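Okay, so here's the structure we're looking at.
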There are 2 protein chains.
Amino acid sequence: MNDELLRVLRRPPRERADAARNRTRVLEAASRLFAEGGVAALTVDAVAQAAGVGKGTVFRRFDDKSGLVSALLDQRERELQEAVVFGRPPLGPGAPARERALAFFDAYLAYLADHLDLVRLSETAAPGARFRIGAYVFWHRHLAILCADRPDPDHLAHVLLGMVAADLNAELLSQGIDWGRIRAGVAAAVDALVAPVHAP
Amino acid sequence: MNDELLRVLRRPPRERADAARNRTRVLEAASRLFAEGGVAALTVDAVAQAAGVGKGTVFRRFDDKSGLVSALLDQRERELQEAVVFGRPPLGPGAPARERALAFFDAYLAYLADHLDLVRLSETAAPGARFRIGAYVFWHRHLAILCADRPDPDHLAHVLLGMVAADLNAELLSQGIDWGRIRAGVAAAVDALVAPVHAP
DNA sequence: AGCATAACCGGACTTAGGTCCGATTGTCGA
DNA sequence: TCGACAATCGGACCTAAGTCCGGTTATGCT
């Protein structure tokens, strides 16, 4: 039982070398397949085969397909997150809440426009996947803090993020509503929703 | 070619008796399976077998699983639609736009609370299924008309409907946000978004 | 260096939605 | 009543996500 105690105290052993190598292989293979054939070519079997790895390995690393695609998007999303936390106003700290929110949605829509297919895949691979992605939780906190003076910031933040759901915006585009209208519409809504409670 | 002409002019032949009988059988089987085992029991194979019908038949009638579930919900949804078109204010015609919108969301949230699992299934069975359902198109028109004086009623109506997406609300419930908070939050958002443009 | 252990690997297997096509059967016109 | 046509039927088949488990290998301790 001394052994057990020691094992608990010991820091978790670092990732095995083969595991790390396989992770990068899988991500590279996925990236290449997507570049060549779009989302249609991005099946787990194809990725595993292209990476020279078993299917089980992919699922152990990334949990599910949604996780794999999220990992592909991770880099870009991280940049946006850092700009929000450490960047200059109005995206970063320092600007009034409403302007920060507007800046965030502008930046996020640009990101979405660049990666709509992949984001959509990561959000719809499994029902409810969208809300489990780390980035979603992050954006939700950010917006809830910006709306702190409203009656229910938690709910409002979810509603705001609903406007940038990949599925919705893919549908809007297919209906002929272009990114310009989307940006304008989102900005107007943010303006109306994040405004401080108006005194009558 | 005379034949062909006649065939075109002739009204489309009514649904074959066996086809109609099978449709009701499938719907009854689906309804029973759901009552007994919830959404988990609602697989297409199980429904087909319980209805004593081949799998192909189910798909021919209802296109896909989403269509089957939508058909199950059709009755209830129709009642709501009729109340909106022919009912008394504030849900029906006659009340100011903002009040009609508020009444609609209240009624829809009640419907959603009663059938969350099924609605979720019908909305997430296939990516983008939500927007193809007839009812969605109907609600979208209704709301766009109510927002006619806003800059982009089309986009705004989509954003408003985003608040009652089944997936989102299932997530909110699982996070401990109850229907009372949801109703209040939605009402506040509708109030802010549907308000006529304020003169500065 | 050698060994015990735990993590990792990978492919066979399961599940479920959706497609297809030969066989069947209802419907319409004569 | 009967025949031809077209819609319908049904189950075998396909695809793709996700699970499982016996074999393998890196790791860390002695």
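Only one residue in B:GLU28, B:GLU99 is free of Cβ contacts under 8 Å to residues at least 12 places away in the same chain and open to solvent by 50 Å² or more (accessible area, probe 1.4 Å). Which one? Walk me through it before giving the result.
Details: B:GLU28 fails: free of Cβ contacts under 8 Å to residues at least 12 places away in the same chain.
It is B:GLU99.
For the stretch B:72-96, enumerate the residues that are of a type in the set (A, V, I, L, M) and either open to solvent by 30 Å² or more (accessible area, probe 1.4 Å) or touching a Pro at 6+ places or on another chain (Cβ under 9 Å) (or both).
B:LEU72, B:ALA83, B:VAL84, B:VAL85, B:LEU91, B:ALA95
Looking at (1) surrounded by 12 or more Cβ atoms within 10 Å (Cβ to Cβ); (2) more than 10 Å from DNA strand D (Cβ to nearest atom); (3) among the polar types (S, T, N, Q), which one does B:ASN22 not meet, given that it meets all the others?
(2)
Looking only at the stretch A:25-56, which residues are outside any helix (DSSP H, G or I) and within 11 Å of DNA strand D (Cβ to nearest atom)?
Hits for the stretch A:25-56 are A:LEU42, A:THR43, A:GLY54.
State whether the residues of the stretch A:170-187 include one that is part of a helix (DSSP H, G or I), open to solvent by less than 30 Å² (accessible area, probe 1.4 Å) and more than 10 Å from chain B (Cβ to nearest Cβ).
no
Any residue that is acidic (Asp, Glu), in contact with an Asp or Glu (Cβ under 9 Å, 6 or more places away or on another chain) and away from DNA strand D (no atom under 16 Å from the Cβ) - is there at least one of those in the stretch B:88-102?
no
Starting from the stretch A:54-67, take each residue that is within 15 Å of A:ILE133 (Cα to Cα) and list its partners that are among the polar types (S, T, N, Q) and surrounded by 15 or more Cβ atoms within 10 Å (Cβ to Cβ), counting only C-beta distances under 7 angstrom and pairs at least six apart or across chains.
Sorted first by the residue in the stretch A:54-67, then by its partner, the pairs are A:SER66/A:SER122.
Given the conditions (1) more than 16 Å from A:GLY162 (Cβ to Cβ); (2) at pLDDT 95 or above, report the number of the one that B:ILE133 does not fulfil.
In the conditions (1) more than 16 Å from A:GLY162 (Cβ to Cβ); (2) at pLDDT 95 or above, B:ILE133 misses (2) alone.
The values are calculated or read from the model by the stated rules, or taken from the named source; none is laboratory data. Treat the numbers as computed from the prediction; the structure is a model and nothing was measured. Neighbour counts run over all protein chains shown; Cβ positions are idealised from the backbone, glycine included. Side chains are part of the model used for accessible areas, which takes the heavy atoms of the whole protein and leaves out ligands, DNA and RNA. Shrake-Rupley method; radii C 1.70, N 1.55, O 1.52, S 1.80 Å.
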